[in-house]
Amino acid sequence: MNSDWVAVLALVVSIGTFVYASVRERKAKVASIRPLLVFLYDGESGWYLKNVGQGPALNVILSHKSKDDGDWITPVRVPPVGAGNELPLTWMSHANIRGLGTSYEDFEAHPYTTVCRKDNNVLTRGRHLPNWDESSIIAHWKLSSD
């Protein structure tokens, strides 16, 4: 009877170890392909978006707030941002913006959101900006860089 408990315990430990290793492997895989978009400001060129993550950011939509408690306005679609690449936000230039936000996906369609307020970037999983109608989203190339 004692050896039966040892066998059951060994089986439980083995299953637990397998599950733990599987979860860790999945998290490592997601981290290895996850894009991480951040907003940065350069005194000469103005605002830009940089992907500091490991994978490309796809289906990228940017928006901003003109007031601290205001709504997200002027959604803009930009091209994908590859790992390590940056995109100048020429239409925003040196604007004094209360908040910048972007929603984007990795290549497995997992959604992410970055919100920047007072130069603090907060990155979260999921889509936390409005889900705009396609007709209200502006293509970045249609905006003036003045």
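The values are calculated or read from the model by the stated rules, or taken from the named source; none is laboratory data. Please read these numbers as outputs of a predicted model, since none were measured by experiment. Methodologically, a virtual Cβ is constructed for each residue, glycine included, from the backbone with ideal geometry; neighbour enumeration extends over all protein chains shown. For the accessible areas, the whole protein counts, side chains as well, though only heavy atoms, and no ligand, DNA or RNA atoms are used. Shrake-Rupley method; radii C 1.70, N 1.55, O 1.52, S 1.80 Å.
Quick one: how many residues across the stretch 77-106 are in contact (Cβ under 8 Å) with a residue 40 or more places away in the chain and more than 15 Å from the chain's Cα centre (by Cα)? Result for the stretch 77-106: 9. Within the stretch 49-76, residues that are more than 20 Å from Trp132 (Cβ to Cβ) reach partners that are open to solvent by 10 Å² or more (accessible area, probe 1.4 Å) and among the hydroxyl-bearing types (Ser, Thr, Tyr) with beta carbons closer than 9 Å, at six or more positions or on different chains, in the pairs Gln54/Ser32; Gly55/Ser32. Residues of the stretch 48-59 include at least one that is part of a strand (DSSP E or B) and of a type in the set (Gly, Ala, Ser). Taking the numbered list (1) in contact (Cβ under 8 Å) with a residue 24 or more places away in the chain; (2) within 30 Å of Arg26 (Cβ to Cβ); (3) exposed (fewer than 14 other Cβ atoms within 10 Å of the Cβ) in turn, Ser136 passes all entries but (2). Taking every residue in the stretch 22-36 that is closer than 23 Å to Lys50 by Cβ and at pLDDT 65 or above and pairing it with any residue that is charged (D, E, K, R) and not in a helix (DSSP H, G or I), at least 6 positions away or on another chain, the pairs with Cβ-Cβ distances below 6 Å are Ile33/Asp106; Arg34/Asp106; Pro35/Asp106.
Just one of the numbered conditions (1) surrounded by 10 or more Cβ atoms within 10 Å (Cβ to Cβ); (2) assigned to a helix (DSSP H, G or I) is not true of Ser3: (1). Listed by position, the strands (runs of 3 or more DSSP E) enclosed by the stretch 72-124 that each have at least 1 residues that are touching a His at 6+ places or on another chain (Cβ under 7 Å) are 73-78, 99-105, 111-117. Among the residues of the stretch 68-92, those identified as buried (at least 18 other Cβ atoms within 10 Å of the Cβ) and aliphatic (A, V, I, L, M) are Val76, Val78, Val81, Leu87, Leu89, Met92.
Taking residues in the stretch 107-127 that are within 19 Å of Lys67 (Cβ to Cβ), and partners anywhere that are hydroxyl-bearing (Ser, Thr, Tyr) and loosely packed, with under 15 Cβ neighbours inside 10 Å, the pairs with Cβ atoms closer than 9 Å and at least 6 places apart or on different chains are Val115/Thr124. If only residues of the stretch 50-95 that are on the phi < 0 side of the Ramachandran plot and of a type in the set (Ser, Thr, Tyr) are counted, the one that is modelled with the lowest pLDDT is Ser66.
Hey, does the stretch 22-33 have a residue that's open to solvent by less than 80 Å² (accessible area, probe 1.4 Å), of a type in the set (Val, Ile, Thr) and under 18 Å from Thr113 (Cβ atoms)? Scanning the stretch 22-33, I find at least one residue that is open to solvent by less than 80 Å² (accessible area, probe 1.4 Å), of a type in the set (Val, Ile, Thr) and under 18 Å from Thr113 (Cβ atoms), so the answer is yes. Ala95 passes every criterion in (1) within 17 Å of Ile33 (Cα to Cα); (2) exposed (fewer than 15 other Cβ atoms within 10 Å of the Cβ) apart from (1).
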